[in-house]
Amino acid sequence: MPPVQRTPLIAGNWKMNLDCAGAVALARDVARHAAGARVDVAVFPAFVHLDAVQRALRADGLALTVGAQDCSDAPNGALTGEVSLAMLQDLGCNWVLTGHSERRHVIGESDDVVAAKTAAALRASFTCVLCIGEKLEQRERGETDTVNERQLRAALKGLDAQACTNLVIAYEPVWAIGTGRVASAADAQAAHHAARRVLSDILGRETAARTRILYGGSLKASNAGELLAMADVDGGLVGGASLEAGGFGAIIDAAAGLAHSA
Ligand code: PEP
């Protein structure tokens with residue numbers, strides 16, 4: 001197999017934060033910081049800010065990937081409050097998160113719902129950042145790799161390597177999200193390595209080698225260097241620390257030049 005280089009990806013999940021002006025200002029700052037960095041950078045604002053953010057970036061001639069935090073798996077219909085992939089495409093948005101732990105464990109999305117959304121997004125040629133990760137009690141029972149494997153197999157059921165060209169995985173231990181507790185670099189590497197082996201089993205060695213696996217969970221400027229240096233950690237999905245341009249910029253800088261190869 002020819003060697004594969006995985007460009008680091010730093011993604012900011014803004015969740016239900018910021019007002020429209022704040023989202024636009026932050027996107028501009030991030031885009032300026034990301035310009036010329038040897039890192040892929042994406043931000044995920046709230047649905048209602050997607051259009052304004054993208055228009056502002058275009059008006060300023062700034063390039064930044066802007067994605068949605070969720071999507072419906074249905075093309076259209078009587079689904080009050082839902083947003084379809086076609087609606088997102090209509091805004092020029094073709095990146096989406098699926099399976100975020102807040103959607104799994106707060107909103108109550110099942111593995112089947114996550115699978116349907118992931119398949120629909122990939123079918124529509126979106127880059128899909130599929131989030132997986134264990135709860136604290138599962139980690140304490142030594143079930144981290146089992147939970148990740150179950151979530152990966154469920155979400156990718158029926159998909160092949162060709163369908164997963166635009167797949168990114170985010171390993172986000174639930175106990176580390178928004179808590180200030182962060183996985184040790186060694187624990188993150190072990191979980192990523194195990195997840196890549198599962199990907200290899202499902203999608204083949206080549207696809208597993210080129211699929212980026214991001215770490216998420218209280219990632220910030222002070223711990224990014226150590227985590228992102230791990231061989232199977234190909235970037236980060238950042239919540240709280242992505243809401244401030246300086247801190248997020250420092251994480252982008254920590255990832256610069258850390259392309260991993262397989
Ligand atoms: C997230 O919600 O994806 C996340 C990683 O949040 P935080 O960085 O705040 O832990």
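The values are calculated or read from the model by the stated rules, or taken from the named source; none is laboratory data. Owing to the predicted nature of the structure, the values given are computational and were not obtained by experimental measurement. With ideal geometry, Cβ positions are generated from the backbone for all residues, glycine too; neighbour counts draw on all protein chains shown. The area values use the complete protein model at the heavy-atom level, side chains included, leaving out ligands, DNA and RNA. Shrake-Rupley method; radii C 1.70, N 1.55, O 1.52, S 1.80 Å.
Just to verify a result, which residue in segment 130-176, among those that are among the β-branched types (Val, Ile, Thr) and more than 16 Å from the ligand (Cβ to nearest atom), is farthest from residue 109 (Cα to Cα)? Even if it seems obvious, please write down each step before you answer.
So in segment 130-176, the residues among the β-branched types (Val, Ile, Thr) come out as 132, 144, 146-147, 165, 168-169, 174.
Still in the list and also more than 16 Å from the ligand (Cβ to nearest atom): 144, 146-147, 165.
Values: 144: 19, 146: 19, 147: 15, 165: 24 Å.
By that ranking, first place goes to 165.
Within segment 231-249, count every residue that is more than 20 Å from residue 134 (Cα to Cα), away from the ligand (no atom under 15 Å from the Cβ) and in a loop (DSSP other than H, G, I, E, B).
1
Looking at segment 35-57, which of its residues are within 17 Å of the chain's Cα centre (by Cα) and either open to solvent by less than 10 Å² (accessible area, probe 1.4 Å) or touching a residue at least 60 places away in the same chain (Cβ under 8 Å) (or both)? Before the answer, list the steps.
Start the filter on segment 35-57 by keeping residues that are within 17 Å of the chain's Cα centre (by Cα), which leaves 39-47, 50.
Selection gives 39, 40, 41, 42, 43, 44, 45, 50.
Residues to consider are 129, 96, 83; find the one that is outside any helix (DSSP H, G or I) and in contact (Cβ under 8 Å) with a residue 60 or more places away in the chain.
Working: 96 fails: in contact (Cβ under 8 Å) with a residue 60 or more places away in the chain; 83 fails: in contact (Cβ under 8 Å) with a residue 60 or more places away in the chain.
Step by step, each of 129, 96, 83 is checked, and only 129 is outside any helix (DSSP H, G or I) and in contact (Cβ under 8 Å) with a residue 60 or more places away in the chain.
What single numbered condition from (1) in contact with an Asp or Glu (Cβ under 8 Å, 6 or more places away or on another chain); (2) without any contact (Cβ under 8 Å) to a residue 24 or more places away in the chain fails to hold for residue 189?
It is condition (2) that residue 189 fails.
Are any residues in segment 193-207 open to solvent by less than 40 Å² (accessible area, probe 1.4 Å) and part of a helix (DSSP H, G or I), and if so, which ones? Even if it seems obvious, please write down each step before you answer.
Initial filter on segment 193-207 (open to solvent by less than 40 Å² (accessible area, probe 1.4 Å)): 194-196, 198-200, 203-204, 207.
194, 195, 196, 198, 199, 200, 203, 207 - these are the residues of segment 193-207 that are open to solvent by less than 40 Å² (accessible area, probe 1.4 Å) and part of a helix (DSSP H, G or I).
Among the residues of segment 114-122, is any at pLDDT below 95, surrounded by fewer than 19 Cβ atoms within 10 Å (Cβ to Cβ) and under 18 Å from the mean Cα position of the chain (by Cα)?
Within segment 114-122, none of the residues are at pLDDT below 95, surrounded by fewer than 19 Cβ atoms within 10 Å (Cβ to Cβ) and under 18 Å from the mean Cα position of the chain (by Cα).
Taking the condition outside any helix (DSSP H, G or I) and of a type in the set (A, V, I, L, M), does residue 219 pass? Before you say what the answer is, go through the steps one by one.
Values: outside any helix (DSSP H, G or I): yes; of a type in the set (A, V, I, L, M): yes.
So residue 219 fits the description; yes.
Return the total of residues in segment 196-230 being within 16 Å of the ligand (Cβ to nearest atom), closer than 22 Å to residue 3 by Cα and among the hydrophobic types (A, V, I, L, M, F, W, C).
3
Kindly evaluate residue 32 against the criterion of being without any contact (Cβ under 8 Å) to a residue 24 or more places away in the chain, over 18 Å from the mean Cα position of the chain (by Cα), surrounded by fewer than 18 Cβ atoms within 10 Å (Cβ to Cβ) and more than 16 Å from the ligand (Cβ to nearest atom). Talk me through it step by step, then tell me what you get.
Working: without any contact (Cβ under 8 Å) to a residue 24 or more places away in the chain: no; over 18 Å from the mean Cα position of the chain (by Cα): yes; surrounded by fewer than 18 Cβ atoms within 10 Å (Cβ to Cβ): yes; more than 16 Å from the ligand (Cβ to nearest atom): yes.
Judged against the criteria, residue 32 is not a match.
Identify all residues within segment 12-28 that are assigned to a helix (DSSP H, G or I) and surrounded by fewer than 16 Cβ atoms within 10 Å (Cβ to Cβ); write none if there are none. Please lay out each step first, then the result.
Pass one, segment 12-28, residues assigned to a helix (DSSP H, G or I): 20-28.
The answer is 20, 21, 22, 25.
Residues being buried (at least 24 other Cβ atoms within 10 Å of the Cβ) and in contact with a Pro (Cβ under 7 Å, 6 or more places away or on another chain): count how many of those fall in segment 208-262.
Of the residues in segment 208-262, 5 are buried (at least 24 other Cβ atoms within 10 Å of the Cβ) and in contact with a Pro (Cβ under 7 Å, 6 or more places away or on another chain).
Counting only residues that are more than 13 Å from residue 98 (Cβ to Cβ) and within 19 Å of the chain's Cα centre (by Cα), which one in segment 58-82 is surrounded by the most Cβ atoms within 10 Å (Cβ to Cβ)?
Residues of segment 58-82 that are more than 13 Å from residue 98 (Cβ to Cβ), as a first pass: 58-66, 74-82.
Pick out the ones that are also within 19 Å of the chain's Cα centre (by Cα) and you get 63-66.
Details: 63: 11, 64: 19, 65: 18, 66: 23.
Filtering segment 58-82 for residues that are more than 13 Å from residue 98 (Cβ to Cβ) and within 19 Å of the chain's Cα centre (by Cα), the one surrounded by the most Cβ atoms within 10 Å (Cβ to Cβ) comes out as 66.
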